[in-house]
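Here is the structure we will look at.
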Amino acid sequence: MASPQWPKADKRLHIGKPYDRLDGPIKSTGQAKYAYDVNVPGMLYAKVFPSRYALADVNSIDTSAAEAMDGVKAVWIDEGVLGKEVRYVGQIIAAVAAETEELAAEAIALVKVDYTPKEALIIDTDPSLGSGRPSEREEGTPAEAFEAADVVHEGYYGIPVITHCCFEAHGQVCDVNEAGAQFWPSTQNVSKYANGMGESLGVPESEIKVDCQVMGGGFGSKFGHDKWGVVGGLLSKKAGRPVKLMLERDLELMVGGNRPSAYGTVKVGADKDGNVTAIDAKLFGTGGNGGYRPPPVPYVFTKIPNQLSSGQRIQTNRGGQRAWRAPGHPQGCFITMAAMEDTAAKLGMDALDFFKQNLALTNRPELYAQELDIAADMIGYKEKAHLRGDSGDGPVKRGLGISIHQWGGAGHPSECDVSIHADGSVECRIGTQDLGVGTRTCVTMVLAETMGLPMDAVKANIGNNAYPISGASGGSTTIGGVSSSTRLAATAALNKLLDVVAARMGEDALSLEASNGRIQVTGDDSKSVTWNEACAMLGTNSINERGVNEPGESTKMGLMDSGVGGCQMADVSVDIETGVVTINEMVAVQDCGLIIDMKTATTQVHGGLIMGVTYALFEECVYDNRTGRMLNADMEFYRLAGLKDIGTLKVHMMTGPGFDERGVIGLGEPPVISPGAAISNAVANAIGLRVPELPLTPDRVLNAIAKGGQS
Amino acid sequence: MSKETRGSDPQGVSRRGFLKGVGAGSAAAGFIGVGENTAQAEGQDAPAIVGPGDGTYTLNIDGESKEVTAEPRATLLDVMRNRLDVTSAKKVCDRGTCGACTIFIDGEPAYACSMLALEAIGHKITTIASLGTPEMMSALQKAFVKHDAQQCGFCTPGFIVAATDLLNKNPNPTREQVRDGLGGNLCRCGTYVGVQEAVLEAAQSMKGGA
Ligand code: FES
Ligand code: FES
């Protein structure tokens, strides 16, 4: 009988090994079809008309010239804003669908909107512009603690709004008629993409089919069908033709989601031995016209005995924030770790010693101690470390920086069906999606592992809402969810097969196992049949079993868990004459429980580091404070790191005893949290003072040097 | 009160004038206008004026001649993707910044988003489809899979084309030369480590005659 618990290390056939991602070949040959690539017969192209104003009354929307144009097949206007306000630049007011993309672009240019502009709030760096009362929190007796502290550091830190910049823009191809609808969206949420769409489209929601086999990046910005999903659907229905609607790059950057800013002052109190006793953080920022939660400060060092914090939301007339890989954490991490490192510098202490000294203030002191030692070895900390600013003569200064982070990563609810057929074939169906993290590969590995079969003997079907419901891919919840549901379904199906085989072999089903392509008496392959012989015993029947991942139950069973910690260190050089920061090396040490595919897991960490280098050095949405327009809504001036910017990256995954038996934990978010903090700390260590804001652009570095640091 | 029109043309440059300006003359030779859409400008050597409106012309893509009907203002990327279902080249920045649309024109890499389709008339367009298939991948494509040089994979075809060009020109690149050579291709998921290892390994395996 097979048990759903994960096999012990010496029994694992696939799990934990570095496997190539299964969709690698179609991706590396250009054959993968993304939503953007779907071309169906009769398809029209849609373009949208975005608001030019950050705040304005919409008096009229005139689409008559567009409608009169040859080739235009459907026009949509947002009745909801007519006579009311638009609240950010880029807000979609109207749309057209036409025979060609060129005609659609020409038609949308003919739309005339009559606005009455109003004064908008764009600026997010002045807390007095905040709306509502700040959130406040107090623990212990911070006033007394600061009074008693031997050293008090106070600093200002800031991290601006950045955007997701998915390579595949948001959007979809759809074909909608009275009877039903087919959507091919770029989504992180196949099973529930269509939720709430039926009413707007006038189509029974159960008749909306969704398919997404590959998608070009989401990072937290592609959970819903969005306004453009509904607009595309309505245009399609009106025209009686399929419609492709993908956001153009400028709109993608302005309205496709962004990460909230965070600014504020932080005060840290410590005794002369370097024990932190108190923290006070006054934070503010904007999520555009979306919600705002101040980032968690103190971050990781959550047990600082005396704490005061406040957070002020500034409601601005900008595109709304969305979950951005590890929501709130990169900001909270940067602000906390920078303030900690500044405190160490004030005490004249080595940063690594200081972090270690205070690990008792975290939830995982032993793990972080272990990870800090490993990271220090990997980066050569002992040989390279120096006290802040002690970086010699010459214009190029070198420094090291440290950061630690945490994440939950518990698997989401997920259902999976597994079938075993009489011809020996095995497949599963699961309404999950592969964002490029290796979900398809990992599900296949779990299925093959459970059946004791090679990878190519089983097939995972994902990316369609006809399959059993699986959660959205966000918050690092996918791998725990889908590996648990697949394991449960596969075990149940296998046990059905073992029953059939046991009856034929005259053995007790309890004594049978699936191993290396055979069904055998456990540990004795002399009493065995091949997999195909076993399945042939099903005759004309198939086995179909459903596995339901109920996170609480699966956690108790040891299939999944939550709560990970990671450590990163950066080695940078800063040219104090040009202000240019160069990454020499970064190391990441990360735990995430039982790793299914070592190769795609390692790729995730590399990806997190590189996204982290990008927001640490380059990324920032620049807004015109008068008009509210994003000034760098293109990929030339909204800069991403390239191959020349990343230095050498090294990754160490914590595996083996103490980690594997926790079960599976998500990995998408953790590695992107620390880079900003580690790099900022390395720059401070190199040049002897804090550059208070990210990204660490040359102007910011030179300004900080000119000012001589914070008082 | 103010009226705004998206995409309105402040300089008043007409499409006709624009095409004349970029000198699409030779290209226009292959462009058969539909109706009154092609005209000869004044003067002997003046370029032909094409458009507005559809015309029919032939593009040579991956060794095949493909007839297409499109407006002269359509970019090569849009014509390939929208008219010919050649979707391996991706539209990401649409202005020559990211490299996701990289293809070969007469063996030289080019951004398909940054040229008009009719500029490609009479030239050999080569896409990733000519480099390998999932069943018969090139050494470089195999190395991309092995070194996991793709996550979402949206940037990957552009990287493969650019890296193929790099290895054609420099079969034995150093790590630094790979970084320089591919520094202009961007990836949001952060696959650069795999890309770099893949290119270096492909160079090795190609030397071995594989
Ligand atoms: S889409 Fe052509 S370079 Fe980015
Ligand atoms: S793999 Fe997603 S953009 Fe490169």
Vicinal HN-Hα couplings computed from phi for region A:595-612 (Karplus, 6.51 cos²θ - 1.76 cosθ + 1.60; Hz; Gly/Pro x):
8, 7, 10, 4, 6, 5, 5, 5, 4, 4, 5, 4, x, x, 4, 6, 4, x
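Provide the packing ranking of B:172-181, A:21-30, A:430-439, A:573-582, i.e. peptides ordered by the mean count of other C-beta atoms within 10 Å per residue, highest first.
In decreasing order of mean packing, B:172-181, A:21-30, A:430-439, A:573-582 become A:430-439, A:21-30, A:573-582, B:172-181.
Mind checking the mean number of beta-carbon atoms from other chains within 10 Å of the Cβ atoms in B:121-130?
Details: counts 0, 0, 0, 0, 0, 0, 1, 4, 3, 0.
Mean number of neighbouring Cβ atoms from other chains: 1.
What Kirkwood radius, in Å to one decimal, follows from the Cα pairs of region B:139-205?
Details: mean 1/r = 0.0880 Å⁻¹.
Roughly 11.4 Å, rounded to one decimal.
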Give the residue from A:Ala105, A:Asn549, B:Ala89 lying farthest towards the positive end of the charge dipole for the protein assembly as shown; charges sit on Cβ (+1 for Lys and Arg, -1 for Asp and Glu) and the dipole is referred to the Cα centre.
A:Ala105
Could you list A:Ser403, A:Ser191, A:Ser310 so that the one with the fewest beta carbons within 10 Å of its beta carbon is first and the one with the most is last?
A:Ser310, A:Ser191, A:Ser403
Identify, among B:Ala117, A:Gly71, A:Val396, the residue whose Cα sits farthest towards the positive end of the charge dipole of the protein assembly as shown, taking +1 on the Cβ of Lys and Arg and -1 on the Cβ of Asp and Glu, with the dipole about the Cα centre.
A:Gly71
To make sure I understand the rule: partners must be aspartates and glutamates, Cα under 16 Å from the Cα of B:Lys91, and not fewer than 8 residues away in the same chain. Which ones qualify?
A:Asp37, A:Glu101, A:Glu102, A:Glu168, A:Glu248, A:Asp250, A:Glu252, A:Asp634, A:Glu636, B:Asp78
Any residue on another chain or 5+ positions along whose placed amide H is under 5 Å from the amide H of A:Thr277 is listed here as A:Gly269, A:Ala270, A:Asp271
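Based on the alpha-carbon gyration tensor of region A:13-162 and its eigenvalue square roots a ≥ b ≥ c, which shape applies: rounded if a/c is under 1.5, prolate if not and a/b is larger than b/c, or oblate? Mind showing how you got there, number by number?
Values: a/c = 4.07, a/b = 1.34, b/c = 3.03.
Judged from the Cα gyration tensor, region A:13-162 comes out oblate (a/c at least 1.5, b/c at or above a/b).
Translational D (Stokes-Einstein, µm²/s) of region A:509-663 at 4 °C and 1.567 mPa s when Rh comes from the Kirkwood sum over C-alpha pairs? Display every interim value, and only then the final one.
Details: Rh = 21.1 Å.
Result for D is 61 µm²/s.
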Summing +1 for each Lys or Arg and -1 for each Asp or Glu, what net charge is found among the other residues whose Cβ lies under 9 Å from the Cβ of A:Leu594?
-2
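For peptide A:639-652, compute the average count of partner chain beta-carbon atoms within 10 Å of each residue's beta-carbon. Mind showing how you got there, number by number?
Working: counts 2, 7, 5, 10, 17, 8, 3, 5, 0, 2, 4, 1, 1, 0.
Whole-number average of other-chain Cβ neighbours for A:639-652 is 5.
Check each of the GluC sites (Glu not before Pro) in region A:1-87 and keep only those in coil by DSSP with at most 10 other C-beta atoms within 10 angstrom; list them in order. Could the numbers behind the result be given before it?
Values: sites: A:Glu67, A:Glu79, A:Glu85; in loops: A:Glu79.
Of the GluC sites (Glu not before Pro), the ones in loops of region A:1-87 whose Cβ has at most 10 other Cβ atoms within 10 Å are A:Glu79.
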Taking every alpha carbon pair in region B:108-178 and sorting the distances into 5 angstrom bins from 0 up to the bin holding the longest one, the percent per bin comes out as 3, 13, 23, 24, 19, 11, 6, 1
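How high is the relative contact order of chain A, given as a whole-number percent (alpha carbon pairs under 8 Å, six or more residues apart)? Walk me through the numbers before you get to the answer.
Values: 1899 pairs, mean separation 120.0, N = 711.
With pairs under 8 Å counted, the relative contact order is 17 percent.
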Going 7 Å from the Cα of A:Leu129 in the Cα-to-Cβ direction, what parts of region A:593-627 have a backbone nitrogen less than 11 Å from that spot?
A:623-627
Calculated from backbone phi, Karplus (6.51, -1.76, 1.60) coupling profile of region A:429-446 in Hz, x at Gly/Pro:
10, 8, x, 9, 9, 10, 7, x, 9, x, 4, 4, 5, 5, 4, 4, 4, 5
In terms of modelled amide H atoms, which long-range or inter-chain residues lie less than 5 Å from the amide H of A:Ile93?
A:Phe49, A:Ser51
Using alpha carbon centroids, what distance separates region A:508-583 and region A:2-36, in Å?
10
Phi-derived 3J(HN,Hα) across region A:286-302 with the Karplus relation (6.51, -1.76, 1.60, θ = phi - 60°), rounded Hz, x for Gly and Pro, is 10, x, x, 8, x, x, 8, 10, x, x, x, 9, x, 9, 6, 7, 6
Counting Lys and Arg as +1 and Asp and Glu as -1, each charge on the Cβ, what is the dipole of the protein assembly as shown about the Cα centre in debye, to the nearest 20?
300
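In which sequence would A:Asp124, A:Asp280, B:Asp106 go, from the one with the fewest C-beta neighbours within 10 Å to the one with the most? Please list the in-between numbers first.
On the way: A:Asp124 28, A:Asp280 22, B:Asp106 12.
Ranked by crowding around the Cβ, least crowded first: B:Asp106, A:Asp280, A:Asp124.
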In square nanometres, what is one fourth of the surface area of the convex hull spanned by the alpha carbons of region A:218-344?
9.3
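In the calculated pair distance distribution of the protein assembly as shown, what percentage of Cα-Cα distances lie above 49 Å?
Value for the protein assembly as shown (Cα pairs over 49 Å): 25 percent.
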Taking H as built 1.01 Å from N, whose amide H comes closer than 5 Å to the amide H of B:Leu116, not counting residues under 5 places away?
B:Leu76
For every helix of n ≥ 4 consecutive DSSP H residues, a contribution of -39,500 (n - 2.57) applies; sum these over chain A, divide by its total residues, and give [θ] at 222 nm rounded to the nearest 500 deg cm²/dmol.
-8000 deg cm²/dmol
Lys and Arg at +1, Asp and Glu at -1: neighbours of A:Ala32 with Cβ under 13 Å from its Cβ sum to +1
Lysine pair count for region A:178-302 [Cα-Cα under 19 Å; pairs on different chains or 8 or more apart]:
13
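Using the count of nearby Cβ atoms within 10 Å as a rough guide to exposure, how do A:Lys650, B:Lys169, A:Lys397 rank from fewest to most?
Values: A:Lys650 17, B:Lys169 12, A:Lys397 20.
Going from sparsest to densest Cβ surroundings: B:Lys169, A:Lys650, A:Lys397.
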Globularity index of region A:410-557, i.e. its alpha-carbon radius of gyration over 2.2 N^0.38 Å
1.05
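Bear in mind these aren't lab numbers, they're just calculated from the coordinates by the rules spelled out. Everything quoted here is computed from the prediction, not taken from an experiment. Quick reminder, even Gly has a Cβ in these numbers, built from the backbone with ideal geometry, and neighbours come from all protein chains shown.
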